[in-house]
1. Along the principal axes of its C-alpha atoms, what lengths does the chain span, in descending order and rounded to whole Å?
2. Can you work out the Karplus-derived ³J(HN,Hα) for every residue in the range 205-210? Use 6.51 cos²θ - 1.76 cosθ + 1.60 with θ = phi - 60°, whole Hz, and x for glycine or proline.
3. As an exercise, identify the trypsin sites (Lys or Arg not before Pro) in the range 92-133 lying in DSSP coil whose Cβ has no more than 12 other Cβ atoms within 10 Å.
4. If DNA, RNA and ligands are ignored and the probe is 1.4 Å, what is the ranking of Lys246, Lys266 by accessible area, most exposed first?
5. I'd like the carbon and sulfur percentage of the solvent accessible area for the chain, probe radius 1.4 Å, heavy atoms only, ligands and nucleic acids excluded.
6. Output the 0 to 90 degree angle, nearest 10, between the alpha-carbon long axis of helix 141-160 and the longest principal axis computed from the alpha carbons of the chain.
7. Let's see if you can work this out: charge +1 on each Lys and Arg Cβ, -1 on each Asp and Glu Cβ, no other charges. What is the dipole magnitude of the chain about its Cα centre, in debye to the nearest 20?
8. Kindly express, to the nearest 10 degrees and within the range 0 to 90, the angle between helix 307-320's C-alpha long axis and the longest C-alpha principal axis of the chain.
Amino acid sequence: MKILVTGGAGYIGSVTAAELIAAGHQVIVLDNLYQGHAAAVPPEAVFIHADLADKAALARLFAEHPGIDGIMHFASYTLVGESMEKPLLYLRDNLVNAANLLEAAVAAGVRRFILSSTANLFDEPERMPIEPDNKIVPGSPYGESKFFIERMLHWFERIYGLRYASLRYFNACGDTPERGEDHDPETHIIPLILQVALGQRPHFTVFGDDYPTPDGTCIRDYVHVVDLASAHILAMEALDRIGSRKYNLGNGSGFSVMEVVEMCRKVTGHPIPHVIGPRRPGDPAILIASSESIRRELGWQPRYPDLESIVRSAWEWHRSRPQGYGER
Ligand SMILES: NC(=O)c1ccc[n+]([C@@H]2O[C@H](COP(=O)([O-])OP(=O)(O)OC[C@H]3O[C@@H](n4cnc5c(N)ncnc54)[C@H](O)[C@@H]3O)[C@@H](O)[C@H]2O)c1
């Protein structure tokens, strides 16, 4: 298939673009390099440096690359905390950018669409692990923007017949030897801890140790970026057969912040000093995904279900590229 990957110079998008190429698909990457890195784009992909806000650039893209079979939409503002300070980046820009993309896509006859959605839809879990049909209660303008895009997709399916899958990732993590996590600012737990092991930070700050969990720190479900990529490819290949779907993606088991710190100590051999800070507003105590439906319907099987292999893959990448892609 010929697949357009928006945000394909970013963390999850670039790994997915590389996995798509390895699986024999043709890839076009669109990215404005706001957070992404040109060096992360697989050399076999066509790279278009453009912003989703630029409708003329989108029209050009679809005119110059006819016959796109599907879109994987990773490009987004992505930070929960930032969305609580600058809500319109999320409630306006994420939505307008998605609408621009959808408008150009249906005009060009594209029939398949995969959305990067999020566990931030589930601020009030009814049961643990969280099923895809759990009540949607976005935890921030970021989560709300993903929910609105899911609703746009609902109407685009009804009106234009666009098939879609919304993949709600829990904590994306891990790296491949070629591509890894390099955000500025970095907000994700494993790279932050590994920066301490690399001597780039004096200590790691744990946001609260008084949650109702066994060690008092928050419990999250960590899912390897390569396993997210395989879920995208399975979903894209199956959309015609299964129809539109919403799947939660995680490993179905949770690890506390302190368990992640301990695993990073074991893998790196570094003492990794930590301090306890205040809770972060809006952090639920426990978030664990039920991925049962994607396993059952698409045969999704994570290759890196255990925390140790996730952290090892991240340490390999961060140790070999301590400055990330080195473009900043
Ligand atoms: N990282 C996680 O744990 C996680 C969890 C749940 C959902 N997600 C979602 O997955 C997707 C990818 O996340 P990531 O961690 O790889 O983020 P990322 O920031 O590394 O990648 C996003 C990419 O999109 C590009 N981009 C942003 N706005 C753009 C625009 N207007 N036009 C063109 N390109 C634009 C950025 O330059 C970047 O390369 C996002 O939609 C995010 O919300 C991520």
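The values are calculated or read from the model by the stated rules, or taken from the named source; none is laboratory data. None of these values were measured; they are calculated from a predicted model. Note that we place each Cβ from the backbone using ideal geometry, even for glycine, and neighbour counts take in every protein chain shown. Side chains included, ligands, DNA and RNA excluded: accessible areas come from the protein's heavy atoms. Shrake-Rupley method; radii C 1.70, N 1.55, O 1.52, S 1.80 Å.
1. So the three principal-axis extents are 54, 42, 39 Å.
2. With the stated coefficients, the range 205-210 comes to 9, 8, 7, x, 10, 10 Hz.
3. Values: sites: Arg92, Arg111, Arg112, Arg127; in loops: Arg111, Arg127.
Sites meeting the loop and neighbour criteria: Arg127.
4. Working: Lys246 80, Lys266 125 Å².
From most exposed to least exposed: Lys266, Lys246.
5. Details: 7220 of 13770 Å².
Reported share for carbon and sulfur atoms: 52 percent.
6. It is inclined by approximately 30 degrees.
7. Values: 31 positive and 41 negative charges, 94 e Å.
Result for the chain is approximately 460 debye, rounded to the nearest 20.
8. 80
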